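Report on the following structure.
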Amino acid sequence: MEDERLLYAKYYSDVYKFVLKLTCFDKSLAEDLTQETFLQAFISFKRFEGRASVKTWLIAIAKNVAFAYFRKHKDRPLLTEEDIGRHSDPHVFVATVEQREQVRCVLSVIKALPPKTADVMILRLIAELPFEQIGDQLQMSPGSARVLFMRGKNELLKQMKERYGYEI
C-alpha cells in the first residue's frame with residue numbers, strides 16, 4: 001500500500017496535467033480521469049514490464065482512460081452551466097471557449113492520423129515526453145519518433161488551416 005501512495009504522490013501532478021490538456025482544461029473531469037488512471041494502474045501494476053518509465057506507462061494508461069471516456073460521452077457539451085457561471089468577465093469566457101474549441105480541433109486532427117503517428121503526437125505535445133521515452137513506450141527508436149512527430153506536426157498544421165481556419 002505504501003508503494004501505491006508513493007507512486008501516486010510522485011506522478012499525480014504529471015498525469016493530472018496531461019489529462020487536463022486532453023479534457024480541454026476541465027478540472028473536475030481531469031481529476032476524475034486521473035483517479036481512474038491510478039486505479040487502473042494499481043490494478044494492472046503486476047503486468048508492468050518496465051520497458052518504459054513508470055511516468056510514460058501511467059501517461060499511456062491516462063490516454064486510454066481519457067479516450068474511452070470520450071468514446072462513451074460523445075454528446076458531452078463544450079462548456080457546462082458551471083463553466084459559464086464561473087466566468088463573470090466576458091473576455092475570459094470567450095477566451096476559455098476559444099481555447100477549448102482549439103484543443104478539441106487539435107485532438108480531432110491528431111486522432112485521425114495513423115495510430116503510431118497519433119501516439120507520438122499525443123506523447124510529445126500533450127504529455128511533453130522526450131523522444132527517448134516516446135521511443136521506449138512505442139518500441140521504436142527516438143529518431144523514428146522524431147520523424148513521425150515531424151510528419152504528424154506538418155499534417156496537423158495543414159489540417160488545422162484547411163478544416164478549421166486556424167493557423168498555429
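Assorted remarks:
- Mean residue ellipticity (222 nm) of the chain, computed from DSSP H runs ≥ 4 via -39,500 (n - 2.57), nearest 500: -23500 deg cm²/dmol
- Put a plus charge on the Cβ of each Lys and Arg, a minus charge on the Cβ of each Asp and Glu, and nothing anywhere else: the dipole of the chain about its Cα centre is then about 660 debye.
- A simple rule links phi to the HN-Hα coupling: the Karplus curve 6.51 cos²θ - 1.76 cosθ + 1.60 with θ = phi - 60°, which for segment 137-151 gives 5, 9, 6, 8, 6, x, x, 5, 4, 4, 5, 4, 5, 5, 4 Hz, with x for Gly and Pro.
- J(HN,Hα) series, segment 121-132, from Karplus relation 6.51 cos²θ - 1.76 cosθ + 1.60, nearest Hz, glycine and proline x: 4, 5, 5, 7, 6, 9, 7, 6, 7, x, 4, 5
- Taking Cβ atoms as reference points and 14 Å as the exclusive limit, the residues near Asn64 contribute a net charge of +3, counting Lys and Arg as +1 and Asp and Glu as -1.
- Cross-linked pairs Lys17/Lys74; Lys63/Lys161; Lys111/Lys153; Lys21/Lys158: Cα-Cα separations exceed 19 Å for Lys17/Lys74; Lys63/Lys161; Lys21/Lys158.
- Extension gain for Arg71 to Ser44 (0.36 nm times residue separation, less C-alpha to C-alpha distance): 7.5 nm.
- The chain - convex hull of alpha carbons, volume per residue in Å³: 128 Å³
- In order through segment 15-27: 3J(HN,Hα) via Karplus (6.51 cos²θ - 1.76 cosθ + 1.60), integer Hz, x for Gly, Pro: 5, 4, 4, 4, 5, 4, 5, 5, 8, 6, 6, 8, 4
- For peptides 145-154, 14-23, sequence by mean Cβ density within 10 Å, most packed first: 14-23, 145-154
- Of the peptides 104-113, 40-49, the order by per-residue mean of other Cβ atoms within 10 Å, starting with the highest, comes out as 104-113, 40-49.
- Accessible carbon and sulfur surface of the chain relative to its total accessible area, %, 1.4 Å: 53 percent
- Surrounding net charge for Gln159, when Lys and Arg each add one and Asp and Glu each subtract one, Cβ distance under 14 Å: +4
- In the context of the full set of protein chains, residues of the chain present 60 Å² of accessible surface per residue (probe radius 1.4 Å, heavy atoms only).
The values are calculated or read from the model by the stated rules, or taken from the named source; none is laboratory data. Please read all numbers here as calculations on a predicted model, not as lab measurements. Cβ atoms come from the backbone with ideal geometry, glycine included; neighbour counts cover every protein chain shown. Remember, those area values only see protein heavy atoms, side chains included, never the ligands or the DNA or RNA. Shrake-Rupley method; radii C 1.70, N 1.55, O 1.52, S 1.80 Å.
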